[in-house]
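The values are calculated or read from the model by the stated rules, or taken from the named source; none is laboratory data. Please read these numbers as outputs of a predicted model, since none were measured by experiment. Every residue, glycine as well, gets a Cβ built from its backbone with ideal geometry; the counts of neighbours run over all protein chains shown. Accessible surface is based on the protein model in full, side chains and every heavy atom, while ligands, DNA and RNA are left aside. Shrake-Rupley method; radii C 1.70, N 1.55, O 1.52, S 1.80 Å.
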Amino acid sequence: MLRKVMVAVVLASLASAALAERIGFVSDTHLGWKKTAGRLEQCYRLFKAQKVDRIVNLGDICEYHNPDWYRQYVEIREKVYPDGVPPEIYVFA
(Lines give C-alpha, C1' and ligand atoms only; values in the text may rest on other atoms or scores of the structure.)
Protein backbone atom coordinates (compact mmCIF):
# COMPACT_ATOMS: atom_id res chain seq x y z
CA MET A 1 0.00 0.00 0.00
CA LEU A 2 1.32 3.39 -0.93
CA ARG A 3 2.09 5.69 1.93
CA LYS A 4 -0.18 8.68 1.85
CA VAL A 5 1.72 11.88 2.23
CA MET A 6 0.56 15.41 2.69
CA VAL A 7 2.12 17.78 0.22
CA ALA A 8 2.46 21.45 0.97
CA VAL A 9 3.96 23.78 -1.56
CA VAL A 10 4.05 27.53 -1.52
CA LEU A 11 4.27 29.16 -4.93
CA ALA A 12 4.29 32.76 -6.04
CA SER A 13 2.40 33.78 -9.14
CA LEU A 14 4.61 35.58 -11.63
CA ALA A 15 1.82 36.87 -13.88
CA SER A 16 2.74 40.50 -13.26
CA ALA A 17 4.11 42.58 -10.42
CA ALA A 18 0.75 44.32 -9.99
CA LEU A 19 -1.18 41.03 -9.86
CA ALA A 20 1.33 38.84 -8.07
CA GLU A 21 -0.33 36.52 -5.60
CA ARG A 22 1.15 33.97 -3.22
CA ILE A 23 -0.73 30.68 -3.39
CA GLY A 24 -0.39 27.77 -0.96
CA PHE A 25 -1.25 24.30 -2.24
CA VAL A 26 -2.16 21.43 0.08
CA SER A 27 -3.17 17.89 -0.83
CA ASP A 28 -3.85 14.50 0.71
CA THR A 29 -3.97 15.53 4.35
CA HIS A 30 -6.00 12.40 5.24
CA LEU A 31 -6.97 13.59 8.72
CA GLY A 32 -7.58 10.56 10.87
CA TRP A 33 -4.21 8.95 10.15
CA LYS A 34 -1.29 9.21 12.58
CA LYS A 35 0.44 12.59 12.73
CA THR A 36 -1.63 14.18 9.96
CA ALA A 37 -3.22 16.84 12.21
CA GLY A 38 0.21 18.06 13.29
CA ARG A 39 1.44 18.11 9.71
CA LEU A 40 -1.61 20.04 8.57
CA GLU A 41 -1.00 22.61 11.30
CA GLN A 42 2.64 22.92 10.17
CA CYS A 43 1.42 23.40 6.63
CA TYR A 44 -0.91 26.24 7.62
CA ARG A 45 1.81 27.82 9.75
CA LEU A 46 4.08 27.75 6.70
CA PHE A 47 1.35 29.40 4.64
CA LYS A 48 0.95 32.07 7.30
CA ALA A 49 4.71 32.68 7.53
CA GLN A 50 4.88 32.97 3.73
CA LYS A 51 1.87 35.32 3.77
CA VAL A 52 -0.11 33.40 1.17
CA ASP A 53 -3.05 35.25 -0.35
CA ARG A 54 -5.05 32.15 -1.18
CA ILE A 55 -4.99 28.42 -0.39
CA VAL A 56 -5.80 25.67 -2.89
CA ASN A 57 -6.82 22.36 -1.31
CA LEU A 58 -6.53 19.49 -3.79
CA GLY A 59 -8.63 17.05 -1.81
CA ASP A 60 -8.48 13.94 0.37
CA ILE A 61 -8.95 16.04 3.50
CA CYS A 62 -10.16 13.23 5.78
CA GLU A 63 -10.35 9.49 5.96
CA TYR A 64 -13.78 7.88 5.63
CA HIS A 65 -15.66 11.22 5.53
CA ASN A 66 -15.74 11.32 9.32
CA PRO A 67 -17.46 14.56 10.49
CA ASP A 68 -15.14 14.79 13.53
CA TRP A 69 -12.10 14.96 11.28
CA TYR A 70 -13.67 17.66 9.10
CA ARG A 71 -14.32 19.64 12.29
CA GLN A 72 -10.67 19.09 13.24
CA TYR A 73 -9.65 20.52 9.85
CA VAL A 74 -11.65 23.69 10.50
CA GLU A 75 -10.29 23.94 14.06
CA ILE A 76 -6.69 23.72 12.83
CA ARG A 77 -7.27 26.46 10.24
CA GLU A 78 -8.91 28.73 12.81
CA LYS A 79 -6.17 28.05 15.37
CA VAL A 80 -3.45 29.17 12.94
CA TYR A 81 -5.52 32.01 11.44
CA PRO A 82 -7.63 33.34 14.36
CA ASP A 83 -8.36 36.56 12.43
CA GLY A 84 -9.58 34.78 9.32
CA VAL A 85 -8.22 32.23 6.88
CA PRO A 86 -7.18 33.39 3.40
CA PRO A 87 -9.72 32.45 0.72
CA GLU A 88 -9.59 28.71 0.17
CA ILE A 89 -10.40 26.90 -3.07
CA TYR A 90 -11.26 23.19 -2.95
CA VAL A 91 -10.56 21.01 -5.97
CA PHE A 92 -12.00 17.52 -5.87
CA ALA A 93 -11.85 14.93 -8.61
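Straight-line cross-link partners of LYS51 among the aspartates and glutamates, defined as a Cα under 12 Å from its Cα and at least 8 positions apart when in the same chain: GLU21. Taking label positions 7 Å along the Cα-Cβ direction at both GLU63 and VAL85, the computed distance is 2.1 nm, reported to one decimal. Amide hydrogen proximity for CYS62: with H placed 1.01 Å from N in the peptide plane, the residues at 5 or more positions away or on another chain lying under 5 Å are HIS30, LEU31. Within the stretch 28-64, the chymotrypsin sites (Phe, Trp or Tyr not before Pro) that combine a DSSP coil assignment with at most 13 other C-beta atoms in a 10 angstrom radius are TYR64. Taking loop as defined by DSSP and a crowding limit of 10 other beta carbons within 10 Å, which trypsin sites (Lys or Arg not before Pro) in the stretch 29-68 fit? Loop-located and lightly packed - LYS34, LYS35, LYS51. Based on protein heavy atoms only, the stretch 48-93 ends up with 67 Å² per residue of surface accessible to a 1.4 Å probe. The convex hull around the C-alpha trace of the stretch 20-92, projected and averaged over every direction, spans 4.6 square nanometres.
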